[in-house]
1. Just to be sure before I move on: is Val146 under 17 Å from Leu235 (Cβ atoms) and among the β-branched types (Val, Ile, Thr) in the structure I sent?
2. For Lys147, all conditions in the list (1) under 18 Å from the mean Cα position of the chain (by Cα); (2) under 11 Å from Tyr246 (Cβ atoms); (3) in contact (Cβ under 8 Å) with a residue 40 or more places away in the chain hold save one; what is the number of the exception?
3. Just one of Leu118, Leu113 is open to solvent by less than 60 Å² (accessible area, probe 1.4 Å), away from the ligand (no atom under 16 Å from the Cβ) and not in a loop (DSSP other than H, G, I, E, B); which is it?
4. Quick one: how many residues across the stretch 6-40 are buried (at least 20 other Cβ atoms within 10 Å of the Cβ), away from the ligand (no atom under 16 Å from the Cβ) and not aliphatic (A, V, I, L, M)?
5. Tell me which of these Asn168 doesn't satisfy, since it passes every other one: (1) crowded, with 18+ Cβ neighbours inside 10 Å; (2) not in a loop (DSSP other than H, G, I, E, B).
6. Looking at Met51, Met1, which one is farther than 22 Å from Glu227 by Cβ and assigned to a strand (DSSP E or B)?
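The values are calculated or read from the model by the stated rules, or taken from the named source; none is laboratory data. Because the structure is predicted, anything quoted here is derived from the model rather than measured. Here the Cβ positions follow ideal geometry from the backbone for every residue, glycine too, while neighbour counts run over all protein chains shown. These accessible areas exclude ligands, DNA and RNA; they are computed on the full protein's heavy atoms, side chains included. Shrake-Rupley method; radii C 1.70, N 1.55, O 1.52, S 1.80 Å.
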Amino acid sequence: MIKKCLFPAAGYGTRFLPATKAIPKEMLPVLTKPLLQYGVEEAIDAGLSTMAIVTGRGKRAIEDHFDVSYELEHQIKGTSKEHYLTEIRDVINRCTFSYTRQVEMKGLGHAILSGETLIGNEPFAVILADDLCDNHEGHGVLLQMVKLYEKYQCSIVAVEEIPPQDSNKYGVIAGEFIDEDIVQVENMVEKPDPKDAPSNLAIIGRYILTPDIFDILRETKPGKGGEVQITDALLEQAKQGKVIAYKFKGKRFDCGSVDGFVEATNYFYNKA
Ligand code: G1P
């Protein structure tokens, strides 16, 4: 079934400058844990064990994070501080990491296509780490989607309702409800103006993609913002009836914005 998770992590994170000058935005911490580690833990909880990370600059911080630091381990071994490393040690023990670089910044679709070499010819998950999700009664958003994949065997996008004026921040879908929380996708538009939005259901950063998406992406022309959009490639699959949208259970924070980041920080602080 689904074993691999792709993490596009090459964006510039301009909204968080200067913090993101030398480190990727995916390494910014909510409390003490980088966003990317939350994403990796969500993937592990969904039963995935191969993490494929598409990086740009700042690669070293990511690789070093998901690796053993012998000096640090040696320093704190047997001290009261050792427990701080328990979670990350567990992550490192439970999965493998591979990396590739997106050489040019040509959009999310292009980043995903850059990951083909790490994924190969199998269905896979995508997590955008700056969409931080808290689980619902112990069930992460990706786990919910992996279970759906077993039934539907097609590409899946996670969606949530948004205020109409926010449509220009998201990919927006439209289609027929085939179950209480599942839509057979018929249309999708990347960041439409509110007046052009086909619905109020916005894609958030969790996808399951079938591998034919790579061939489609190779043919996908730059769209919104002059970038190759995964939304446009998915529309091609949707036209063949091969995409569903899932209104996930749980809470999601837009940690790509300062407001969302602060909200997530407060939420997880109060929860801890
Ligand atoms: C990307 C996608 C968009 C999606 C969003 C979710 O946009 O292009 O369709 O709704 O992620 O966070 P970005 O936020 O990278 O501009």
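1. no
2. (3)
3. Unique residue meeting the criteria: Leu118.
4. Of the residues in that region, 2 qualify.
5. (1)
6. Result: Met51 is the single residue among Met51, Met1 that is farther than 22 Å from Glu227 by Cβ and assigned to a strand (DSSP E or B).
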